[in-house]
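The values are calculated or read from the model by the stated rules, or taken from the named source; none is laboratory data. Here the structure is a predicted model, which is why all the values come from computation and not from measurement. Here the Cβ positions follow ideal geometry from the backbone for every residue, glycine too, while neighbour counts run over all protein chains shown.
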Amino acid sequence: MTGKTHLACGIFIGSSLSIYYGEDVFTSFTIISLCGVSSLVPDICHFKSNLGKKLFPISFIIRLIFGHRTFTHSLLFLFLIYWGLNSISAPEPYLVSILLGMLSHIVLDMLTPRGVKLFYPLDVSVKLPIVFKTGGAVDLSLSSAFSIVTIILWWKDIYRLFI
Ligand SMILES: [Zn+2]
């Protein structure tokens with residue numbers, strides 16, 4: 001999936017989480033931001049991705065060591081992030097936002113023909129039964145759908161945050 005679709009999905013999940021946790025404006029903004037950024041993090045292994053370009057040469061080195069859609073798209077990577085956040089006692093809403101943002105990325109990439117190495121270091125590509133071409137009509141439709149639902153969520157939730 002494209003970076004736009006990953007980001008739209010991350011912001012949608014973050015918006016849902018901010019409503020679920022029902023915190024103040026600052027916390028809601030932080031949850032949405034963390035989830036949005038986290039939804040792009042697994043593509044740190046792709047030095048031509050939005051995040052990869054900003055973090056070059058780190059992204060290039062990660063790509064050289066692990067390859068694309070391997071370690072950073074695996075359950076092992078998610079567990080290490082969880083372990084790291086847990087060890088610094090990250091507040092639950094932030095921890096959940098980061099993990100779900102990254103998980104959404106992995107699940108969306110499982111909708112592409114290439115799949116992901118979910119069980120890295122095992123060399124097994126995992127993809128869902130239905131797959132779509134990255135950048136195709138379904139990709140664009142998904143990103144539009146996530147954006148529209150997010151706007152509806154914000155519209156319905158704006159009263160709680162500001163009034
Ligand atoms: Zn990816």
| request: Select from region 60-88 the residues that are modelled with pLDDT of 95 or more and of a type in the set (Ser, Thr, Tyr) and list them in ascending order. | output: 74, 82, 87
| Conditions (1) within 19 Å of residue 1 (Cβ to Cβ); (2) at pLDDT below 80: number failed by residue 55 | (1)
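Say we look at region 14-42 and pick out the residues that are over 9 Å from the mean Cα position of the chain (by Cα) and buried (at least 21 other Cβ atoms within 10 Å of the Cβ); which of these is farthest from the ligand (Cβ to nearest atom)?
Keep residues of region 14-42 that are over 9 Å from the mean Cα position of the chain (by Cα), which gives 14-34.
Next, only the ones that are buried (at least 21 other Cβ atoms within 10 Å of the Cβ) stay: 14-15, 17-18, 28, 31-32, 34.
Values: 14: 18, 15: 21, 17: 21, 18: 24, 28: 26, 31: 22, 32: 21, 34: 18 Å.
The qualifying residue farthest from the ligand (Cβ to nearest atom) is 28.
So in region 63-82, with the set limited to residues that are of a type in the set (A, V, I, L, M, F, W, C) and closer than 13 Å to residue 106 by Cβ, which one is farthest from the ligand (Cβ to nearest atom)?
Once the filter is applied, the top-ranked residue is 79.
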| request: Could you please find all residues in region 83-114 being touching a Leu at 6+ places or on another chain (Cβ under 8 Å), more than 19 Å from residue 14 (Cα to Cα) and within 13 Å of the ligand (Cβ to nearest atom)? | output: 110, 111
| field | Where a residue in region 61-77 is more than 15 Å from residue 103 (Cβ to Cβ) and among the charged types (D, E, K, R) and its partner, wherever it lies, is within 12 Å of the ligand (Cβ to nearest atom) and modelled with pLDDT under 95, with Cβ under 7 Å and at least six apart | value | 63/45; 63/46
| Consider residue 157 against the criteria (1) surrounded by 13 or more Cβ atoms within 10 Å (Cβ to Cβ); (2) within 19 Å of the chain's Cα centre (by Cα): it satisfies all of them except one. Which criterion is unmet? | (2)
| remark: Checked region 43-57 for anything assigned to a helix (DSSP H, G or I) and either surrounded by 15 or more Cβ atoms within 10 Å (Cβ to Cβ) or within 12 Å of the ligand (Cβ to nearest atom) (or both); matches are 43, 44, 45, 50, 51, 52
